[in-house]
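This report refers to the structure that appears directly beneath it.
What follows is calculated from the coordinates using simple rules that are stated; it is not laboratory data. Just so you know, these numbers come straight off a predicted model, no measurement behind them. In this analysis, Cβ positions are derived from the backbone assuming ideal geometry, glycine residues included, and neighbour counts consider all displayed protein chains.
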Amino acid sequence: MTTRRDGGCLCGAVRFIALGEPMRTLQCHCRFCQRVTGSTSYAESMYPVDAVQFSGEPMARYSHRSESSSRQVHVHFCPQCGTTLTLTFERWPEYRGISRGAFDDPNSVSISSHIWTSSAQTGVVLPAGTDCFQFARADLAGSPQAPARFDTPRMARTGDG
């Protein structure tokens, strides 16, 4: 039986069903994700595009050019309440990032890595035993990057810098 996770926006105008297990769930600390959430980071579960079905109101979309790749990142959100539900990517058109907080049970997916920790805000703690990447998981050519792993929780940044 295929795993099914339901979710939706704050007001309930947009709902979704994600089928199967996510490829990974990551916490991104880049400045784009900080701004798109108005918070310290964005947690997303990566699914194949065709594994997610939407119902209710059509989502609104904002497109932003990534500073690192120069490719478009598309933010899909509820036109009523503004909840960011998903990201899609010009660079990876076959994948869709689902906002972890939009799942009815956000704890049903576990964060497997933290990315762009070089941009993390002061006060952010990186957990022990989790892959942490200073930038992305792979460089622009697609080569995997080496993660850091910590034996104990660690502050992502200390002081003002």
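If you take every residue apart from LEU10 with its C-beta less than 13 Å away from the C-beta of LEU10, what net charge results, scoring Lys and Arg +1 and Asp and Glu -1? Around LEU10, the charge tally is -1.
Label zone of PHE54 (point 7 Å out along Cα→Cβ, amide N under 14 Å): in the range 1-40 this covers 7-10, 12-18. Other residues lying with their Cβ under 15 Å from the Cβ of THR40 contribute a combined charge of +3, Lys and Arg counting +1, Asp and Glu -1.
Charged side chains reduced to their Cβ positions (Lys and Arg at +1, Asp and Glu at -1) give the chain a dipole of some 240 debye around its Cα centre. Over the chain, what is the mean sequence separation of C-alpha contacts under 8 Å (at least six apart), divided by residue count, expressed as relative contact order in percent? Reported relative contact order: 22 percent. Net charge of the neighbourhood of THR84, taken over other residues with C-beta under 12 Å away and scored Lys/Arg +1, Asp/Glu -1, is +2. Principal axis analysis of the Cα atoms in the range 44-99 yields extents of 33, 22, 16 Å, listed in decreasing size.
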